[in-house]
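Accompanying notes for the structure given below.
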Amino acid sequence: MINKIAGSVAEALAGVADGATVMVGGFGTAGIPNELIDGLIEQGARDLTLVNNNAGNGEAGLAALLRAGRVRKVICSFPRQADSHVFDSLYRSGEVELELVPQGNLAERIRAAGAGIGAFFCPTAYGTELSRGKETREINGRHYVLEYPIHADLALIKAERGDRWGNLTYRKAARNFGPVMAMAARKTVASVHEIVELGALDPEHIVTPGIFVKQVVLVERKATQAGGVRA
Amino acid sequence: MTAYRRRSADELARRVAADIHDGAIVNLGIGQPTRVANHIPAGREVILQSENGILGVGPAPAPGLEDYDLINAGKQPVSMLPGGAFFHHADSFAMMRGGHIDICVLGAFQVSATGDLANWSTGEPGAIPAVGGAMDLATGARQTWVMMDLLTKQGASKIVERCTYPLTGVGCVKRVYTDLATLACTPQGLQLVDLAEGLDLAELQGLIGLPIQA
C-alpha cells in the first residue's frame, strides 16, 4: 500500500543531511510552509543552501533558520525587504552567500530541474549584470542567456488538501512555487490543512499529482497573517 | 520659462490608463503603476495579471475582508474578478516571457532614449541587490511602459542618453509616461507623444538635454 501521510512534521523531515539544498515555497504572506520550516530548524541540518523567492521576513520562519546559522547560501530573487534584517546583517558580514536570480529564471530553472532539462536559453537578463559570464546565443535575431536547472534534495511546500498518494490542491495565490518545487526536489514534503480519502480529490482539479510528493503532513489551519512588508 | 503644471499622480495614472486598449492583459509593477488600475476608462475590459499567480486581479478588499493567501506582487491584499484564475510561478512567468502579456507598466530609476531600462538596483556599494520579476517583465511583455517623474529630486532628467545604473533590460521600453510629458523610445531616440499643460517642446528638450523628435 502506498501511504505518504507522515504522522508528524518531525517524521516527515527525518534524515535531512547537512549540506542539503532545500527549496521552500511561498511568496509574500501566501504559501509559506511555516510548520515545516520550524521542523527543519528543530531537525538540525546545517550548511544548507536555501532556495526561496525571498530571504526571510521578521524573526520567524526562514529568518529564524538564518539566524540559527544553518544556511550557507541563499538562492532567491528578492532578498531585500523592509523587514529582512536577519538576512541583511548575515549577508553584510559575509556569513551568507547570495545568488540573485530573476524571478522567472528562478521558477523556470526549478521547473527545468523537475522536467529533466539540461539547460535552456532565455532572454531575461540579457545585457545586464545578472547574465555576466554566462553563455549567450542569438536565435532568430533575439539574444538569449543559457540558464541551468536548480535541483534540490528537499522541497518544503504548503498545500491545501492532500491524499495518501500525495496528490495536492492549493489555495489561491498560496500555490506560487509549490508545484514546480515539488517537481525539482528528490524529496518533497507538503503540509496540508486537510487530508482526504483517496478519490475524494477530483482528478480534474489535482494541481500537483502525487508522483512529485514524498510526504504529506497535516498541520492545523491558521489564518494567513498580514506581513511580507512591501519592497 | 513658461508656467507649466506637472501631472499629479492620479492624472499620470489616468494618462497611462487611457492608452490601455479594451481586452488588454496588463501587469502593473509595484508602487506608482498599481494606481493605474483605478483609472481604466469605463467600458474597457482589462485583465490584470499578478506575477505570483493570478489573472483577473480585482480591487483591494474592504477593511476586515483581507485574505493573505490572495495578495499581489507588492504583497498587498487584493480581490479576484469573476473569470480569474490561479496558476503556479513557472506558468506565471511563461505568460511574461512567452509574450502573452500585452502591456507591463513599471517604475524606473532611469530610461535611455533607445529604451534601455534601469529599475532594479542603484548599484550603491553595500546595497543588497533584489530584482524580483522586473527583468522578466521588462523583456517579456509585448510592450513595456515606464511610469515615473521625469526629474529626480535634484532636478536631473531620469531619461538619459545611457543609463548609469545597472540595466534591467536592453531596448525594452516602448513608452515613458511622466509628470511632464509622454515620450516614445525608439532605436533612433526619443519621440514626443504629448506634453503637460503649459510646457513646450523646447523647454522639455532643455530639461532632458537630448534631441526629441516632434
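Readers should treat all values here as calculations from the given coordinates under stated rules, not as data from a laboratory. Keep in mind the model is a prediction, meaning the values are calculated, not measured. Counting neighbours? That spans all protein chains shown, and the Cβs are built from the backbone with ideal geometry, glycine included.
Quick check on the stretch B:1-78: what are the equivalent-ellipsoid semi-axes from the Cα gyration tensor, as sqrt(5λ), descending, whole Å?
Values: eigenvalues 134, 49, 24 Å².
One finds semi-axes of 26, 16, 11 Å for the stretch B:1-78.
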Could you tell me which residue out of A:V101, A:T21, A:A200 lies farthest along the dipole of chain A toward its positive end? Charges go on the beta carbon: Lys and Arg +1, Asp and Glu -1, centred on the Cα centre. A:V101
Quick one: Karplus J couplings for the stretch A:171-176, per residue in order, coefficients 6.51, -1.76, 1.60, θ = phi - 60°, nearest Hz, x for Gly and Pro? 10, 6, 6, 6, 5, 3
Dipole moment magnitude, nearest 20 debye, chain B about Cα centre, only Lys, Arg, Asp, Glu C-beta charged: 280 debye
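Ranked by Cβ crowding within 10 angstrom, fewest neighbours first, how are A:V9, B:V170 ordered? Walk me through the intermediate numbers first.
Details: A:V9 24, B:V170 20.
So the ranking, lowest neighbour count to highest, is B:V170, A:V9.
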Centre separation in Å (Cα based) which lies between the stretch A:100-119 and the stretch A:31-53: 20 Å
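When only Cα pairs under 8 Å and 6 or more residues apart are kept, what is the percent relative contact order across chain B?
Working: 467 pairs, mean separation 43.5, N = 214.
The normalised contact order for chain B reaches 20 percent.
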When the C-alpha atoms of the protein assembly as shown are aligned to their principal axes, what extent does each axis show, in angstrom, from largest down? 79, 48, 43
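Per-residue ellipticity at 222 nm for chain B, helices alone: DSSP H runs ≥ 4 residues times -39500 (n - 2.57), over residue total, nearest 500 deg cm²/dmol?
Details: 4 runs with 34 residues, N = 214.
Calculated at 222 nm, the ellipticity per residue is -4500 deg cm²/dmol.
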At a threshold of 8 angstrom on Cα-Cα distance, excluding pairs fewer than six apart, so keeping six or more, what relative contact order does the stretch B:106-214 reach in percent? 30 percent
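Take the alpha carbon gyration tensor of the stretch B:90-145, find the square roots of its eigenvalues, order them as a ≥ b ≥ c, and report rounded if a/c is under 1.5; if not, report prolate when a/b exceeds b/c, else oblate.
Working: a/c = 3.27, a/b = 1.48, b/c = 2.21.
Oblate shape, in that a/c is at least 1.5 and b/c is the bigger or equal ratio.
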Restricting attention to the stretch A:42-76, which trypsin sites (Lys or Arg not before Pro) occupy a DSSP loop and are surrounded by at most 16 other Cβ atoms within 10 Å? A:R46
With respect to the cross-link table entries A:K134/B:K153; A:K4/A:K134; B:K75/B:K158; B:K153/B:K174; A:K134/A:K214, which display a Cα-Cα separation exceeding 31 Å? A:K134/B:K153; A:K4/A:K134; A:K134/A:K214
What whole-number distance in Å separates the alpha-carbon centres of the stretch B:46-63 and the stretch B:153-213? 30 Å
Going through the stretch B:1-95, which GluC sites (Glu not before Pro) have at most 15 other Cβ atoms within 10 Å and a DSSP loop state? B:E45
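Assign unit charges at the C-beta atoms only (+1 for Lys and Arg, -1 for Asp and Glu), then state the dipole size of the stretch B:8-132 relative to its Cα centre in Debye, rounded to the nearest 20. Intermediate values should be presented prior to the final figure.
Details: 6 positive and 13 negative charges, 24 e Å.
The calculation lands at about 120 debye.
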Grab every C-alpha pair in the stretch B:134-177, bin the distances at 10 angstrom width from 0 up to the longest one, and report whole percents. 25, 55, 19, 1
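Please list, by residue number, every one of the trypsin sites (Lys or Arg not before Pro) in the stretch A:151-229 that is coil in DSSP and has at most 14 other beta-carbon atoms within 10 Å. Intermediate values should be presented prior to the final figure.
On the way: sites: A:K158, A:R161, A:R164, A:R171, A:K172, A:R175, A:R186, A:K187, A:K214, A:R221, A:K222; in loops: A:R164, A:R171, A:R175, A:K214, A:R221, A:K222.
Passing both the DSSP loop test and the Cβ count: A:R221, A:K222.
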About the Cα centre of the stretch A:106-231, how large is the charge dipole given +1 on each Lys and Arg Cβ and -1 on each Asp and Glu Cβ? Please answer in debye to the nearest 20. 320 debye
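What is the stretch B:33-111 by shape, rounded, prolate or oblate, if you read a ≥ b ≥ c off the alpha carbon gyration tensor as root eigenvalues and call it rounded for a/c under 1.5, prolate for a/b larger than b/c, and oblate otherwise? Mind dumping the intermediate values first?
Values: a/c = 1.38, a/b = 1.18, b/c = 1.16.
In terms of gyration-tensor shape, rounded.
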Please list the equivalent ellipsoid semi-axes of the stretch A:1-153, computed as the square roots of five times the alpha-carbon gyration tensor eigenvalues, in descending order and whole angstrom. 29, 20, 13
7 Å from Cα along Cα→Cβ at both A:D83 and A:E138: what's the point-to-point distance in nm? 4.9 nm
Rg [Å, one decimal], Dmax [Å, integer] - the stretch A:94-203, C-alpha atoms: 17.3, 53
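Just the ratio, please: alpha-carbon radius of gyration of chain B over 2.2 N^0.38 Å, N its number of residues. Before the final figure, lay out each step's value.
Numbers: Rg = 17.4 Å, N = 214, 2.2 N^0.38 = 16.9 Å.
Against the empirical 2.2 N^0.38 Å value, I get 1.03 for chain B.
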Among A:T136, A:A155, A:Y91, which residue has its Cα furthest toward the positive end of the charge dipole of chain A, with +1 on Lys/Arg Cβ and -1 on Asp/Glu Cβ? A:T136
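What list do you get for A:S77, A:S89, B:S121 if you sort them by fewest beta carbons within 10 Å?
Values: A:S77 25, A:S89 13, B:S121 22.
Lowest count first: A:S89, B:S121, A:S77.
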What's the longest bit of chain B with no exposed trypsin sites (Lys or Arg not before Pro), using DSSP loop states and at most 15 other Cβ atoms within 10 Å as the test? B:45-141
